[in-house]
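Quick one: this structure, given as structure tokens, is what I'll be asking you about.
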Amino acid sequence: MKYFLLFFICVLKVIFSYEGSWAEETLKHMSVEEKIGQLFIVPACPLRNDNHYNDLLLVIEKYHVGGLIVKASDVAAQVSFLNTLQNISKNPLLVCMDGENGIGMRVTDGISFPLNLTLGAVEDDNLLFELGKVIGTHCKNVGGHINLAPVVDVNNNPLNPRIHMRSFGDDPIEVAKKASLIAKGMRSSNILCCAKHFPGHGDTEIDSHEDLPVIKHSFERLKEIEFVPFEKMALDGIDCIMTAHIKVVNLDDKYPATLSFKILDYLKNKMNFKGLIITDALNMKALRDNFSIEDIAYYSYMAGNDLLLYGDHIAPNIDEILQEEIPRAFNKLLKAYYEGEMLDLDERVLKILKAKEKLNLHKDRFTKLDKEIVFSSDAYQLKKKLFEKAVTLVKGNHNLLDNVLNKKVGYLMLGDENVNSFKNNLLKKENVKEFKDGEMFDLVVVSLDGIFPNKHNYSISDKDIELIHDIPKRYDTILIIFGTPYSLKFFKDLSCVIVGYEEDKDVQKACFDILEGKLKALGKLPINIE
């Protein structure tokens, strides 16, 4: 009996001495206005003027905004600016970054790694994990908490203007695998990452920044292709998933995915995703041309999004977001709450606060910049190695590339000349000179530059296509494409084609080293050119 009483007393002590987590305790003391403010993510541009700072100050203090997405900046300015904003905010701010291929995507002096379609050609899993780890470390060192990456859309439409080079390819299994490796690397750096754009933005020909894409695929087809990477992300326990402004008529014929309860309910209850759901930018034309500012915020919340993101990089648009859209959206949600329509507000806000607690922001919300990490030579070596591993010999065999530069070579550059390292290195070789038709050459190397996914014929002129087919009639020819591999559709009948995917000087150096015999082209084409 004595031991039972002692045990009972101990249990009572535990019960009455229990204090909730920081997230739970913070939620208890929040006003309704503060809770609604936690739902919003707004653009912050460290290199803009005092008027922009004052706009941010207002939305943080008056509307209790709980999150930021950082736009145009440099490393030092970003860290200083974010620390200033963290200091004025009552609760820690959750900072998002667009770092799909590294912080250089938004930070002018940050490093940019190869784009996802280039990475789709890389067969080395360890390198992809390491890339994610480095990107995550860089984000964290410049004040970022959520990297809005990886893109897991399956790019099965060659004319897609929005995803294209941002996708790992057109095979859903490979997209899921590569995205998973990079996401795991990022998360190992103690940041959160976000798979996007659910339920799949790959098979569209319209940019949702400009208009509302419509997808008419059956549910069975969506499960077979578009859903596959998202199911893998949910299974991996990824922190966040971003919704897409696309109408998928066989899932919801009325609302775009971002505003669709049906579609987000499938994500949560069929795919069993338990993390944060983040909208794509709610100020994009796909929504703004079809719904009011108030309705966009209201339907986004009611559909099941936890975080309402507003983002832009153009100054007048950012000013409109902060000065007009956020007040109108905030007041609409406040009205909806008092009309009894947001019964799960505490549950949603607690998810957001728990994410901040997981990141330890309740103890230390400030960033201490370590330039040795952000500007590490190891990161630049990783970038170089990734490009080397990506270069793909699509047509021909490796024997064709033996001793290329020991032969008498003619060189021709076509397209817009953006990066000169390949040309400069090639023309330094004694046996190489600029191509002139009719001269004697053992071999002609043609490089194709300035290829853009959103242009007619990827901006390759009919004249250049004709010339590239004409030269092999008289000379052995190697074509090297520094751009989208979808352009291969014009060159299926050539005997030797190499794809470098981008115009970066590191991939141009890699292609030169392949011609010199120092490297092998080991990449695997991430798309089906048929």
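The values are calculated or read from the model by the stated rules, or taken from the named source; none is laboratory data. These numbers were taken from a predicted model, which means no experiment stands behind them. Using ideal geometry, Cβ is built from the backbone for each residue, glycine included, and neighbour counts are taken over all protein chains shown.
Might you let me know whether region 390-402 holds any residue that is assigned to a helix (DSSP H, G or I), over 30 Å from the mean Cα position of the chain (by Cα) and more than 30 Å from residue 131 (Cα to Cα)?
Yes.
When only residues in region 359-374 that are in contact (Cβ under 8 Å) with a residue 12 or more places away in the chain and either in contact with an Asp or Glu (Cβ under 8 Å, 6 or more places away or on another chain) or within 22 Å of residue 100 (Cα to Cα) (or both) count, which is surrounded by the fewest Cβ atoms within 10 Å (Cβ to Cβ)?
371
Please indicate, with yes or no, whether at least one residue in region 177-188 is touching a Leu at 6+ places or on another chain (Cβ under 9 Å), surrounded by fewer than 17 Cβ atoms within 10 Å (Cβ to Cβ) and outside any helix (DSSP H, G or I).
No.
Can residue 301 be described as of a type outside the set (Asp, Glu), within 24 Å of residue 356 (Cα to Cα), over 19 Å from the mean Cα position of the chain (by Cα) and surrounded by 24 or more Cβ atoms within 10 Å (Cβ to Cβ)?
Values: of a type outside the set (Asp, Glu): yes; within 24 Å of residue 356 (Cα to Cα): yes; over 19 Å from the mean Cα position of the chain (by Cα): yes; surrounded by 24 or more Cβ atoms within 10 Å (Cβ to Cβ): yes.
So residue 301 passes the test.
To continue, here is another question. Pick from region 473-504 the residues that are among the charged types (D, E, K, R) and more than 22 Å from the chain's Cα centre (by Cα): which of them is nearest to residue 428 (Cα to Cα)?
Of everything passing the filter in region 473-504, 476 is nearest to residue 428 (Cα to Cα).
Quick check on my filter: what residues within region 216-253 are small (Gly, Ala, Ser) and under 25 Å from residue 353 (Cα atoms)?
The first filter runs over region 216-253 and keeps only residues small (Gly, Ala, Ser), leaving 218, 234, 237, 244.
Within region 216-253, 234, 237, 244 qualify.
Quick check on my filter: what residues within region 507-528 are under 20 Å from residue 449 (Cβ atoms) and touching a strand residue (DSSP E or B) at 6+ places or on another chain (Cβ under 8 Å)?
511, 514, 515, 521, 523, 525 - these are the residues of region 507-528 that are under 20 Å from residue 449 (Cβ atoms) and touching a strand residue (DSSP E or B) at 6+ places or on another chain (Cβ under 8 Å).
Taking the conditions exactly as written (assigned to a loop (DSSP other than H, G, I, E, B), modelled with pLDDT under 95 and either more than 25 Å from residue 95 (Cα to Cα) or not hydrophobic (A, V, I, L, M, F, W, C) (or both)), does residue 245 satisfy them or not?
Values: assigned to a loop (DSSP other than H, G, I, E, B): yes; modelled with pLDDT under 95: no; either more than 25 Å from residue 95 (Cα to Cα) or not hydrophobic (A, V, I, L, M, F, W, C) (or both): yes.
Criteria not met by residue 245.
Hey, another quick one. Going residue by residue through region 415-424, is there one that turns out to be within 20 Å of residue 521 (Cα to Cα) and part of a loop (DSSP other than H, G, I, E, B)?
No, region 415-424 contains no residue that is within 20 Å of residue 521 (Cα to Cα) and part of a loop (DSSP other than H, G, I, E, B).
Of all residues being in a loop (DSSP other than H, G, I, E, B) and in contact with an Asp or Glu (Cβ under 8 Å, 6 or more places away or on another chain) in region 285-304, which is modelled with the highest pLDDT? Just the residue, please.
Here the residue is 304.
Part of a loop (DSSP other than H, G, I, E, B) and not hydrophobic (A, V, I, L, M, F, W, C): does that describe residue 503?
Spelling it out, residue 503 is indeed part of a loop (DSSP other than H, G, I, E, B) and not hydrophobic (A, V, I, L, M, F, W, C).
Go through 309, 343 for me and flag whichever is within 29 Å of residue 53 (Cα to Cα) and either assigned by TED's automatic domain parsing to the domain that holds residue 51 or hydrophobic (A, V, I, L, M, F, W, C) (or both). Explain how you work it out, then say what you get.
Details: 343 fails: within 29 Å of residue 53 (Cα to Cα).
Among 309, 343, only 309 is within 29 Å of residue 53 (Cα to Cα) and either assigned by TED's automatic domain parsing to the domain that holds residue 51 or hydrophobic (A, V, I, L, M, F, W, C) (or both).
Let me ask something else. Just to check your reading of the model, which residue among 351, 384 is touching a helix residue (DSSP H, G or I) at 6+ places or on another chain (Cβ under 8 Å), surrounded by 14 or more Cβ atoms within 10 Å (Cβ to Cβ), of a type in the set (D, E, K, R) and in a helix (DSSP H, G or I)?
384
Further question: Being modelled with pLDDT under 95 and either at positive phi or of a type outside the set (Gly, Ala, Ser) (or both) is the requirement here; does residue 205 meet it?
So residue 205 passes the test.
Quick one: is residue 197 within 20 Å of residue 300 (Cα to Cα), at pLDDT 95 or above and in a loop (DSSP other than H, G, I, E, B)?
So residue 197 does not fit the description; no.
Might you let me know whether region 137-157 holds any residue that is surrounded by fewer than 24 Cβ atoms within 10 Å (Cβ to Cβ), among the hydrophobic types (A, V, I, L, M, F, W, C) and either assigned by TED's automatic domain parsing to the domain that holds residue 86 or without any contact (Cβ under 8 Å) to a residue 12 or more places away in the chain (or both)?
So far as region 137-157 goes, no, none of its residues is surrounded by fewer than 24 Cβ atoms within 10 Å (Cβ to Cβ), among the hydrophobic types (A, V, I, L, M, F, W, C) and either assigned by TED's automatic domain parsing to the domain that holds residue 86 or without any contact (Cβ under 8 Å) to a residue 12 or more places away in the chain (or both).
From the residues in region 209-242 that are more than 28 Å from residue 184 (Cβ to Cβ) and part of a loop (DSSP other than H, G, I, E, B), which one is farthest from the chain's Cα centre (by Cα)?
Ranking the qualifying residues of region 209-242, first place goes to 218.
Quick check on residue 319: is it more than 30 Å from residue 24 (Cβ to Cβ) and under 23 Å from the mean Cα position of the chain (by Cα)?
no
With (1) under 16 Å from the mean Cα position of the chain (by Cα); (2) modelled with pLDDT under 95; (3) not acidic (Asp, Glu) as the list, and residue 157 as the residue in question, which single condition is left unmet?
Residue 157 satisfies every listed condition except (1).
Looking at the structure I just gave you, is residue 293 of a type in the set (Val, Ile, Thr) and either closer than 19 Å to residue 93 by Cβ or in contact (Cβ under 8 Å) with a residue 60 or more places away in the chain (or both)?
It is false that residue 293 is of a type in the set (Val, Ile, Thr) and either closer than 19 Å to residue 93 by Cβ or in contact (Cβ under 8 Å) with a residue 60 or more places away in the chain (or both).
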